[in-house]
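Notes follow once the structure below has been shown.
The values are calculated or read from the model by the stated rules, or taken from the named source; none is laboratory data. Quick caveat, the model's predicted, so the values are computed rather than measured. Here Cβ is always computed from backbone atoms with ideal geometry, including for glycine, and neighbour counts include all displayed protein chains.
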Amino acid sequence: MLQDYVTQVRETTGIHIGIADETGNILASADEARFEKTYPFLKEFIGSETKEAVYSGISFQKVFNRNKVDYVVLADFQSEESSKLLSIISINILGMKAGYDEKYDKNIFIKNIMLDELVHGDIAARAKELHVSYSVPRVVFIIKTSGVKDTYVHEVVQGIFPNRSKDFILIPDKEQIVLIKELKSNTDYREVEKTANIIADTLSTELMVKAYVGIGTIAENVVDIGRSYREAQISLLVGKIFLEDRYIFSYNSLGLGRLIYQLPEANCKLFLDEFFKGDNFDFMDSETMLTIQKFFENSLNISETSRQLFVHRNTLVYRLDKIQKLTGLDLRKFDDAITFKIALMVKKYLDRDERI
């Protein structure tokens, strides 16, 4: 495609141009012998901070894509218009590359599905054209870290899953890495969560960072990758609110948190006002919260809770009575305990911007 382009430029303008890659290799040329003689200078030019240069009667200009040199354009042409001509050629090259990637790059195809940017009716035909298996189970993992470049995370994840014909590793933005992992037909969620743990543990070992991993449900075909991606996003959001002690969040294991996350904030505030009278949470000190947490963990068992808290049974009863007096809810009763648990989760949900 590039060779056809340089030929058209020569036939139209009479100007001989060449296109080199970021390493200095000539990819396309209208005068191969002449341009290859510039190779030593070309290598030096690519490593310099200079955007444009002239050497041995040939004009050079770097072609940048996302602040990175993708190509270098060479032209056997010198005049005041050289820079403008090379800039126009650079724009055309980037446009051709974008169009080529859109049509032939599997990663871009998968990314477009993930971001719901393709018409569903066209996906099957495009998958066949790109030799992407249509009816193969896959699952989406979203990996988030802090304090480390996404390129480093990408390299580590790529090292764990090197099979690029089956697994896709994408960087949709600076905050996350997305892994679309192909699965065997009989894979269950325990294996999926095991994979997530391997990712987090490897990143912790190699980059010394804490990684959070959100997992969507299994997509039975390529069309459903977008749904699995959205579920993985929700998993991270909901997990960080309600499951503070974890770093692996599976959409299937979010429980009540997923339900609360889908409720309108206005309804949540009305529900909360019924039990806590607005923002009156003054009585919820660390001792009270620990008591409630242990009481729930031990299935409302007073004896076991008092033993784990190293307090007398009567002390625990006194604390529960105090909570009942302040809220009207007796946590020793199952229905009241459930209501209180939901109220606490709703409070966390409403405070989420401060917590994430």
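Pairing residues of segment 321-345 that are acidic (Asp, Glu) with residues that are modelled with pLDDT of 90 or more and outside any helix (DSSP H, G or I), at Cβ distances under 8 Å and at least 6 apart in sequence or on separate chains, gives ASP336/ASP330.
Would you mind stating whether ILE110 is in contact (Cβ under 8 Å) with a residue 40 or more places away in the chain, closer than 30 Å to ILE180 by Cβ and surrounded by 18 or more Cβ atoms within 10 Å (Cβ to Cβ)? So ILE110 passes the test. For ILE234, the stated conditions do not hold, so it cannot be described as under 17 Å from ALA343 (Cα atoms) and in contact (Cβ under 8 Å) with a residue 24 or more places away in the chain.
Listed by position, the strands (runs of 3 or more DSSP E) contained in segment 1-105 that have at least 3 residues being under 40 Å from the mean Cα position of the chain (by Cα) and either in contact (Cβ under 8 Å) with a residue 12 or more places away in the chain or loosely packed, with under 15 Cβ neighbours inside 10 Å (or both) are 17-21, 26-29, 58-65, 68-75. Of all residues in segment 124-146, those being in contact with a Ser or Thr (Cβ under 9 Å, 6 or more places away or on another chain) and among the basic types (Lys, Arg) number 1.
For the structure I just gave you, tell me whether SER146 is more than 14 Å from VAL222 (Cβ to Cβ), among the small types (Gly, Ala, Ser), in the same structural domain as ILE234 (by TED's automatic domain parsing) and exposed (fewer than 14 other Cβ atoms within 10 Å of the Cβ). Yes; evaluated as a whole, the condition is true for this residue. Scanning segment 240-263 for residues being farther than 18 Å from GLN293 by Cβ and small (Gly, Ala, Ser) gives a total of 2. The C-beta contact set for segment 195-206 (first residue touching a residue at least 40 places away in the same chain (Cβ under 8 Å), second residue surrounded by 14 or more Cβ atoms within 10 Å (Cβ to Cβ) and part of a helix (DSSP H, G or I), distance under 6 angstrom, 6+ apart or interchain) comprises THR202/ILE160; LEU203/VAL156; GLU206/VAL156.
Considering each residue of segment 325-337 in turn, none proves to be surrounded by fewer than 18 Cβ atoms within 10 Å (Cβ to Cβ) and either among the polar types (S, T, N, Q) or in contact with a Pro (Cβ under 6 Å, 6 or more places away or on another chain) (or both).
All conditions but one from (1) out of contact with any Lys or Arg (no Cβ under 8 Å at 6 or more places or on another chain); (2) touching a residue at least 24 places away in the same chain (Cβ under 8 Å); (3) surrounded by 11 or more Cβ atoms within 10 Å (Cβ to Cβ) apply to GLU155; the one that does not is (2). Screening GLU117 with (1) loosely packed, with under 11 Cβ neighbours inside 10 Å; (2) in contact (Cβ under 8 Å) with a residue 12 or more places away in the chain gives one miss only, at (2). So which residues in segment 246-284 are over 16 Å from ALA343 (Cα atoms) and either modelled with pLDDT under 85 or among the β-branched types (Val, Ile, Thr) (or both)? The one that is over 16 Å from ALA343 (Cα atoms) and either modelled with pLDDT under 85 or among the β-branched types (Val, Ile, Thr) (or both): ILE248. Kindly evaluate ASN112 against the criterion of being within 24 Å of the chain's Cα centre (by Cα), more than 24 Å from GLU32 (Cβ to Cβ) and not assigned by TED's automatic domain parsing to the domain that holds ILE177. Answer is no for this residue.
Residues in segment 115-148 that are more than 13 Å from the chain's Cα centre (by Cα) and under 18 Å from THR205 (Cα atoms): GLY147, VAL148.
Residue check: is GLU36 assigned by TED's automatic domain parsing to the domain that holds GLU11 and modelled with pLDDT under 85? Yes. Only one of (1) loosely packed, with under 12 Cβ neighbours inside 10 Å; (2) within 32 Å of the chain's Cα centre (by Cα) fails for ILE248. Which number is that? In the conditions (1) loosely packed, with under 12 Cβ neighbours inside 10 Å; (2) within 32 Å of the chain's Cα centre (by Cα), ILE248 misses (1) alone.
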